[in-house]
1. Give the calculated FRET efficiency between Glu141 and Glu114 to the nearest 0.05, with a Förster radius of 25 Å applied to their Cβ-Cβ distance.
2. Fewest to most neighbouring Cβ within 10 Å: what's the order for Tyr131, Tyr5?
3. Hey, which lysines would be in cross-link range of Lys57, C-alpha to C-alpha under 30 Å, not counting anything within fewer than 8 residues on its own chain?
4. When Lys and Arg each count +1 and Asp and Glu each count -1, what net charge do the other residues less than 9 Å away from Arg37, Cβ to Cβ, add up to?
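Taken together, the values in this text are just the output of simple stated rules run on the coordinates, not laboratory data. Given the structure is predicted, the values throughout are model-derived calculations rather than measurements. A quick note on method: Cβ atoms are made from the backbone with ideal geometry, for glycine too, and the neighbour counts reach across all protein chains shown.
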Amino acid sequence: MRCPYCGGSDTQVKDSRPSEDGAAIRRRRVCPDCAGRFTTFERVQLRELVVLKRSGKRVPFDRDKLQRSIDVALRKRPVDPERIERLVSGITRQLESGGEAEIASEAIGELVMEGLKGLDDVAYVRFASVYKNFREAKDFEALLDTLGEASEAPAGAAPARPRRGARARP
């Protein structure tokens, strides 16, 4: 493994331990040339996946890109990082075990939306607004309708409290 600091090709593993519920191995490495320390992760890859983009372009599947897009949707949301990692690992496993070496980007987007819907409604709406290229408020309304009437209080429930600083309406 090359050192990310000096480019040295002979780094040494100082510590290895299971990570991500045993789905990966976390390795702490040190470079003998510059004494730089860094962490690597080793994961099982069942097959080489290729993503077929809407433009027709084919690119290798990038787990880190999937992770980043989910992280952006979940930014500043109260979701445990372990749940996020399980979502990313689950989507990756689902894609790898699907039997197809080439996957449409739309299929990946749908899997992410399905996962986010069960994880956090706000992140689901954020991701969907970019993924589905929302242009108007009615696009959001249509999506919120598909989330169900979860925002309506059930019969007999206490009314929602107004936001802090919001004025009460007569």
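1. 0.75
2. Going from least to most buried by this count: Tyr5, Tyr131.
3. Cα-Cα hits under 30 Å: Lys65, Lys117, Lys132.
4. Values: positive: Lys14, Arg28, Arg29; negative: none.
So the environment of Arg37 carries a net charge of +3.
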